[in-house]
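What follows is a set of notes on a single structure, which appears directly below.
The values are calculated or read from the model by the stated rules, or taken from the named source; none is laboratory data. Fair warning: this is a prediction, and the values are worked out from it, not measured in the lab. Neighbour counts run over all protein chains shown; Cβ positions are idealised from the backbone, glycine included. Surface accessibility is based on the protein's heavy atoms, side chains included, excluding ligands, DNA and RNA. Shrake-Rupley method; radii C 1.70, N 1.55, O 1.52, S 1.80 Å.
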Amino acid sequence: MKISLDWLRDYLPSLNLDAEELSKTLLGLGLEVSGVERRGAAFSGVVAAKILSVGKHPNADRLSVCSVESGGEVFPIVCGAKNIAAGQIVPLARPGAKLPGGRTLAKTVIRGVESRGMLCSTAELGLGSDHGGILILKPDTPSGADLSALLAKPDLVLEVEVTPNRPDCLSHLGLARELSAVLSLPLRPREPAEPAKAAAPLKITLTDTSACPFYLGKAFSGFDIRPSPGWLCARLEAVGLRPINSLVDITNYVLMDIGQPLHAFDHDKLAGGEIVVRFAKPGERIAALDGKTYDLTAECLVVADAQKPAAVAGVMGGLESSITDKTKNILLESACFAPVAVRRTSQLLRLRSDSSYRFERGTDPAAPPLAAAMAEQMIRELCGKSIQATTEGTAGRQTSASEPIAVSAARINEILGSDFAPAEISGALGRIAAKQDAAGHGIEFTPPTYRRDLATEWDLAEEAARLLGYGRIPARAPVSAPAASKLAPIAATILRSRTRLAAAGLSEAFNQDFTSEKILAAARQMEAASWARPANPLSEEGAVLRPSLLPGLLQNAALNFNRGARAVRLFEIGKAYRMEKGAVAEGWRAAGVVSGAACEPFWQGPLNADYDFYRLKGVVENMLPSSVQTIFRAEPETAAPLNPNWSDLDRLFHPGQRAAASSGTGAFLGLAGCLHPQAAAAWDFGARTVCLFEIDLDALAALSEGPAAKFAPYSQFPGSWRDLSVVVPKSARYAEIEKTIREAAGENLKGIALTDVFSGKAVEAGKISMTLRLSFGRDDRTLTDEEVASAVQGAVDALGKSLGARLRGT
């Protein structure tokens, strides 16, 4: 927000800080100054002049010949502006005057008539961008006065970053209050004249007081819409607003001055003589002041007349009821709209304004009457002397003061770790309180209506620190070191998964939670009814909350391959979303996409092998805790989805090269496998083998890990190894083979490793040969050959009985 130092001094006449000091002071209050603009006169020799007469140019239809007086001297001036009239006070650039851009004025003859100078607009003086007419000065401006001092006195304009919790600082009054409190400067409030009473009541109806707690409307007649005076234009230009006309400029001035949005309707264009604040009806539309037409929904709050919406409440007025140069009767609105209602409407319509920016954050509920009184006073001064108040009315009620907060100086020092004196704390808080009373050993602090962020003693402690100075809080070591807290199961699962996937050589990717229907279609995700969608997506690229992490990772992989990468090893940990029973369900997932070499080039070739399903399976198993027994179950291509709740994601996998991961207790953990050929074609992966997995971390965290693993000393006695080559049916699962051997070989069996798989002419059709290395040992002695042979024979017999296996060569 732009703040004019000259404007600020209306409230703080004794403020005497330069830009650097003011920026530092505001930063200490939590308000960062991101830029400073120095404004001042870029012209000289320009004086105030009174127009004595205006006549037609004898040789040009579009020009006028004026006689103007300045400092007792009369000047003939040729002018092309249409807004001049006898009696006005205007800027006169006399011969020899210097204007912005290095231009020096001289006497000239225009179409046969001498012109001894030029009447100036704000643009020609470098005070604004309005070329439309001559700048009209205040009627009491002395003739001959040097305007470089009156109109363009030196000023500083600060760009102040206001945090969302401090909407009260979105005005000159708000910042003046802050500076008054921290610098102990007297604050000079606005004291507008008592508003005139209207002759008749105005009917106002609020259909939902939670959306609009209070509404004030007042109608005026006898308007003369004219350009704003120079001082008003200069102030609006200083804070980045373009002057439009006297009435609109008054509402903008009040907005930037005290932070209360106002709106003016052309009263003659409102039907029925009443105002209704309601939610829009089905099928209603409104053409707004930005020239666009918006389709309204039942969630859009509007200000309507007896027939139709006239404005989007708290956001923007309607074009049909807008103020024009022909407006004679106006209705002034000063209201309090609920932040939630305005934000919802603004988001639905994708329509923002200075008013909605303030209403969304929360305006002062006590401000509407003050704002209306300020506007009325300025209207009477700037928009014609014949103005009369015709009707007025209010509806709803203004929010009462907040509940008082009891706190003591000792408690505030305890919270801050400070040593502030009780009188200092009481004085600092008293400067921002609506009311403050002594209460026991402390104070009872009543927050002002514009400070909705003050509700607890912790808030007051922060205020004391801001106003008295954070730098005055001593740096002390804590009395005791906090004990390390145990991680929640899901946090521990996420940390372990991230650490182990990174250790496996995968790089972590970070994608947005939003994705597009196009990307989901490429990932063969078809269950659109289960997709969770944001109510107001910023673009089509973020129209859906991702149901899986894999589409984003596949997009990352495609980008890397398109940039020349030879291998991709990526993982991501984040949330996935879906609709369940009408509500959005979200859960933590770990997903990965790998393709190409499993590690960087190595001179010993076998380590350079590309990723396949089995290498991927090893990565996933390594990620899972050792205390959780993991079973990978593959199914034929014609099988149903491996898990009904993951049926959409199941389509992303190759039907013959996918497996479900589950715990030993049967809990489903996720999917792993190779990418479906159609999806591979959609991402232009070509002939590359792309492997992927996604694990449900919430399900994993819910499993009991059992006792922590403990180190067991190695046996001091030598072990024994036996290679066992067996022929088994192709349909036999390795997990079943290993389980059978462990149960049959007894407790002396220490390990099993699959060293070879063979199928060919030497093995009958429908079967394969597996070579397994069995290791045996004990901690208390060396096993005999007979004991090892007996264990091996037991394993062979068990395999033959349960799986129809036999030793190769028999």
³J(HN,Hα) across the stretch 357-363 via Karplus (A = 6.51, B = -1.76, C = 1.60, θ = phi - 60°), whole Hz, x for Gly/Pro? 4, 7, 4, 4, 8, x, 8
Which shape class, rounded, prolate or oblate, goes with the stretch 161-242 when its Cα gyration tensor gives a ≥ b ≥ c as root eigenvalues, a/c under 1.5 marks rounded, and past that a/b bigger than b/c marks prolate? oblate
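Could you tell me the relative contact order of the stretch 17-110? Use alpha-carbon pairs under 8 Å, at least six residues apart, and round to a whole percent.
It comes to 26 percent, rounded to a whole number.
Where does the stretch 479-556 land on Rg(C-alpha)/(2.2 N^0.38 Å)?
For the stretch 479-556, the normalised Cα radius of gyration comes out at 1.53.
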Before rounding to the nearest 500, sum -39500 (n - 2.57) across all DSSP H runs of length at least 4 in the chain and divide by the residue total; then give [θ] at 222 nm in deg cm²/dmol. -7500 deg cm²/dmol
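Could you tell me how many cubic angstrom of Cα convex hull volume the stretch 544-583 has per residue?
Measuring per residue, one finds 60 Å³ for the Cα hull of the stretch 544-583.
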Give me the percent of accessible area attributable to carbon and sulfur for the stretch 731-810, probe 1.4 angstrom. 50
For Asn165 and Ala667, what does the FRET efficiency come to when R0 = 41 Å and r is the distance between their Cβ atoms, rounded to the nearest 0.05? 0.40
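Keeping the other protein chains in place, figure out the carbon and sulfur percent of the accessible area of the stretch 437-590, with a 1.4 Å probe.
56
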I need the fraction of alpha carbon pairs in the stretch 661-810 separated by more than 27 Å, rounded to a whole percent. 47
Magnitude of the Cβ-charge dipole (Lys and Arg +1, Asp and Glu -1) of the chain about the Cα centre, nearest 20 debye, reported as 1320
Can you list the residues, at least 5 places off or on another chain, whose amide H is less than 5 Å from the amide H of Gly71, using H built in the peptide plane? Gly144
Can I get the semi-axes of the stretch 1-96's equivalent ellipsoid? Compute them from the C-alpha gyration tensor as square roots of 5 times the eigenvalues, in angstrom, largest first. 44, 14, 12
What are the lysines whose alpha-carbon lies under 22 Å from the alpha-carbon of Lys518, with same-chain residues fewer than 8 places away excluded? Lys575
Ignoring solvent entirely, what values of log10 I(q)/I(0) come out of the Debye formula for the stretch 215-322 at 0.15, 0.18, 0.21, 0.23 Å⁻¹ when each Cα is a single scatterer? -0.70, -0.96, -1.18, -1.30
Which order do peptides 695-701, 296-302 fall in by mean Cβ count within 10 Å, highest first? 695-701, 296-302
On a full-extension model of 0.36 nm per residue, what is the gain between Asp6 and Glu20, subtracting their alpha-carbon distance, rounded to one decimal in nm? 3.5 nm
The stretch 1-117 - accessible surface per residue (Å², probe 1.4 Å): 50
What number, in percent, do you get for the relative contact order of the chain if the mean sequence gap of Cα pairs under 8 Å and at least 6 apart is divided by its residue count? 8
Just list whichever of Lys292/Lys326; Lys197/Lys328; Lys56/Lys218; Lys107/Lys153; Lys50/Lys326 have alpha carbons separated by over 31 Å in the model shown. Lys56/Lys218
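Using packing as a proxy for protection, rank 779-789, 110-120 so that the peptide with the highest average count of other Cβ atoms within 10 Å comes first.
Descending packing order for the listed peptides: 110-120, 779-789.
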Under 5 Å from the placed amide H of Glu32, counting only residues 5+ away or on other chains, we find Glu161
What is the calculated FRET efficiency for Glu786 to Glu508, with r their C-beta to C-beta distance and R₀ = 51 Å, to the nearest 0.05? 0.45
Candidate residues Val109, Val54, Val157: accessible-area rank, largest first, probe 1.4 Å: Val109, Val54, Val157
Which order do peptides 137-145, 581-589 fall in by mean Cβ count within 10 Å, highest first? 137-145, 581-589
Label-point separation, Glu424 to Ala149 (7 Å along Cα→Cβ), nm: 4.4
With a probe of 1.4 Å, find how much accessible area the stretch 436-567 has per residue, and write the answer as a whole number in Å². 57
Rg to Rh, two decimals, where the stretch 17-65 supplies the alpha carbon set and Rh follows Kirkwood: 1.46
Long-range amide H partners of Glu392, meaning residues 5 or more apart or on another chain whose placed amide H is closer than 5 Å, are Ala200, Leu202, Ala219
Determine, from the Cβ-Cβ distance of Asp779 and Tyr734 and an R0 of 35 Å, the FRET efficiency 1/(1 + (r/R0)^6), rounded to the nearest 0.05. 0.80
Helix 339-349 versus the longest principal axis of the chain: what angle, 0 to 90°, nearest 10, using Cα atoms? 80
With only alpha-carbon atoms counted, please give the Rg and Dmax of the stretch 490-605, in Å. 16.0, 57
Binning at 5 angstrom from zero up to the longest distance, how are the C-alpha pair distances of the stretch 653-741 distributed in percent? 3, 9, 12, 12, 13, 15, 14, 12, 6, 3, 1, 0
Computed label-point distance, nm, for sites Ala123 and Asn645 using a 7 Å Cα→Cβ extension: 6.6
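So, with a 1.4 angstrom probe, what is the percent of accessible area on the stretch 273-325 that is carbon and sulfur?
51
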Scoring the stretch 477-622 by relative contact order with C-alpha pairs under 8 Å, at least six apart, yields a percentage of 21
Straight-line reach only, C-alpha to C-alpha below 19 angstrom: list the lysines that Lys710 could link to, leaving out same-chain residues fewer than 8 apart. Lys750
